[in-house]
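Chemist: Provided herewith is a single structure, encoded as structure tokens, for subsequent inquiry.
The values are calculated or read from the model by the stated rules, or taken from the named source; none is laboratory data. The structure displayed is predicted, hence computed values, not measured ones. We place every Cβ from the backbone using ideal geometry, glycine too, and count neighbours over all the protein chains shown.
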Amino acid sequence: MPWWWRAAWPWVSAVAPLAGPLCSWRWRIRLTRAIEQAALPAGVGYAHLAALCASAAAAAGSLVAGIALLTTDAPPLSWLPWMAAAALAGGVSPMLWLRGLGAKRRASIERDLPFVFDMMTLCVEAGLSVQGALQLAAQSGPRGALRDALADALAEMRAGVARTAAIKALAERSNSALARNWAAALAQADALGISLGPVLRAQAAQCRSDRHVRAEQLAMQAPVKMLLPLIGCIFPCTFIVLAFPIVVQLLRSVQ
């Protein structure tokens, strides 16, 4: 967790019992799901996140109000909209941070999935069970979010959860379409008795194909994203460089 979270944790823990009951059941489900997707520590609940949002909103609004009182003599009604805007931005910032953590975790899982699929394919075709292939992938796979998620899924399996249910829960926590396809393929293979080797090899090929498609989409979006910097930054400088000698010559001729 970042340093500011550790610094604010005592205050957040104290405010959480007050902020938790104020959340509706929809917000509780939404916050809990966002916390699972971001893989925050087990002690963090929806009440802590609600307390963090409320504290950030109050701090931002109070900061703007203090600056306005110290620097201006205007009545409170004139800077009240700025205070409300700062409070809104402060309250939304923890949610944006949490969403960014979830997006980074999903990208890390999707990046490591093809390698894990190849490793599991080799293990299954060599004679290992699916449980053993998952355990080997969790032990020897690349370090990252997928390795930690596999370790959590294996812990759930040892606790008595079915393998398909544990993999499905992993896919839901990761919020990845590729992981959901993997969970559906494993469930279908278990139900129909299909060999997992070809299924995992096809999943790895599909993951790599999707990665290439996303890379091509990002490459096609690059010219559009560069258009605004070109118009706003590069073209004016180019025009200034080209027009400066002409303007100097015109001024000399006029003088």
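Chemist: Which of the following residues is of a type in the set (A, V, I, L, M) and not in a helix (DSSP H, G or I): Leu88, Leu49, Leu40?
Modeler: Numbers: Leu88 fails: not in a helix (DSSP H, G or I); Leu49 fails: not in a helix (DSSP H, G or I).
Just a single option satisfies the conditions, and that option is Leu40.
Chemist: Still on this structure: Output the number of residues of segment 181-218 satisfying the condition of being of a type in the set (Asp, Glu) and surrounded by 11 or more Cβ atoms within 10 Å (Cβ to Cβ).
Modeler: Initially, segment 181-218 is screened for residues of a type in the set (Asp, Glu), giving 190, 210, 216.
Okay, now just the ones that are also surrounded by 11 or more Cβ atoms within 10 Å (Cβ to Cβ), so 190, 210.
Total meeting the criteria: 2.
Chemist: Take segment 69-97 and flag every residue that is exposed (fewer than 13 other Cβ atoms within 10 Å of the Cβ) and either among the hydroxyl-bearing types (Ser, Thr, Tyr) or touching a strand residue (DSSP E or B) at 6+ places or on another chain (Cβ under 9 Å) (or both).
Modeler: Taking segment 69-97 and keeping what is exposed (fewer than 13 other Cβ atoms within 10 Å of the Cβ), we get 69-78, 81, 96.
Listed by number, the residues that qualify are Thr71, Thr72, Ser78.
Chemist: Under 8 Å by Cβ, and 6 or more places apart or on different chains, what pairs join a residue from segment 100-126 that is more than 17 Å from Arg180 (Cα to Cα) with one that is surrounded by fewer than 19 Cβ atoms within 10 Å (Cβ to Cβ) and of a type in the set (S, T, N, Q)?
Modeler: Met119/Ser140; Val124/Ser195
Chemist: Among the residues of segment 230-241, is there at least one that is under 28 Å from the mean Cα position of the chain (by Cα), surrounded by 10 or more Cβ atoms within 10 Å (Cβ to Cβ) and at pLDDT below 80? Explain how you work it out, then say what you get.
Modeler: Step one: list which residues in segment 230-241 are under 28 Å from the mean Cα position of the chain (by Cα), which gives none.
No, segment 230-241 contains no residue that is under 28 Å from the mean Cα position of the chain (by Cα), surrounded by 10 or more Cβ atoms within 10 Å (Cβ to Cβ) and at pLDDT below 80.
Chemist: Can you tell which of Ala145, Ala103, Ala126, Ala149 is within 26 Å of Leu31 (Cα to Cα), exposed (fewer than 15 other Cβ atoms within 10 Å of the Cβ) and aliphatic (A, V, I, L, M)? Break it down stepwise before answering.
Modeler: Working: Ala145 fails: exposed (fewer than 15 other Cβ atoms within 10 Å of the Cβ); Ala126 fails: within 26 Å of Leu31 (Cα to Cα); Ala149 fails: exposed (fewer than 15 other Cβ atoms within 10 Å of the Cβ).
Going through Ala145, Ala103, Ala126, Ala149 in turn, the sole match is Ala103.
Chemist: Let me ask something else. Would you check which residues across segment 22-40 are in contact with a helix residue (DSSP H, G or I) (Cβ under 8 Å, 6 or more places away or on another chain) and more than 19 Å from Lys104 (Cα to Cα) and list them? Give the derivation first.
Modeler: So the first thing to find is which residues in segment 22-40 are in contact with a helix residue (DSSP H, G or I) (Cβ under 8 Å, 6 or more places away or on another chain), and the list is 22-23, 27-28, 31-32, 34-40.
Selection gives Leu22, Cys23, Trp27, Arg28.
Chemist: Report whether or not Gln221 is at pLDDT 80 or above, surrounded by 10 or more Cβ atoms within 10 Å (Cβ to Cβ) and not hydroxyl-bearing (Ser, Thr, Tyr). Full working, then the answer.
Modeler: Values: at pLDDT 80 or above: yes; surrounded by 10 or more Cβ atoms within 10 Å (Cβ to Cβ): yes; not hydroxyl-bearing (Ser, Thr, Tyr): yes.
It is true that Gln221 is at pLDDT 80 or above, surrounded by 10 or more Cβ atoms within 10 Å (Cβ to Cβ) and not hydroxyl-bearing (Ser, Thr, Tyr).
Quick grid of which residues meet (1) part of a helix (DSSP H, G or I); (2) surrounded by 15 or more Cβ atoms within 10 Å (Cβ to Cβ); (3) not small (Gly, Ala, Ser):
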| residue | (1), (2), (3) |
| --- | --- |
| Trp9 | yes, yes, yes |
| Val12 | yes, yes, yes |
| Pro21 | yes, no, yes |
| Arg28 | yes, yes, yes |
| Glu36 | yes, yes, yes |
| Ala54 | yes, yes, no |
| Ile67 | yes, no, yes |
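Chemist: Just to be sure, is Pro10 modelled with pLDDT of 85 or more and over 23 Å from Glu110 (Cα atoms)?
Modeler: Working: modelled with pLDDT of 85 or more: yes; over 23 Å from Glu110 (Cα atoms): yes.
Yes; evaluated as a whole, the condition is true for this residue.
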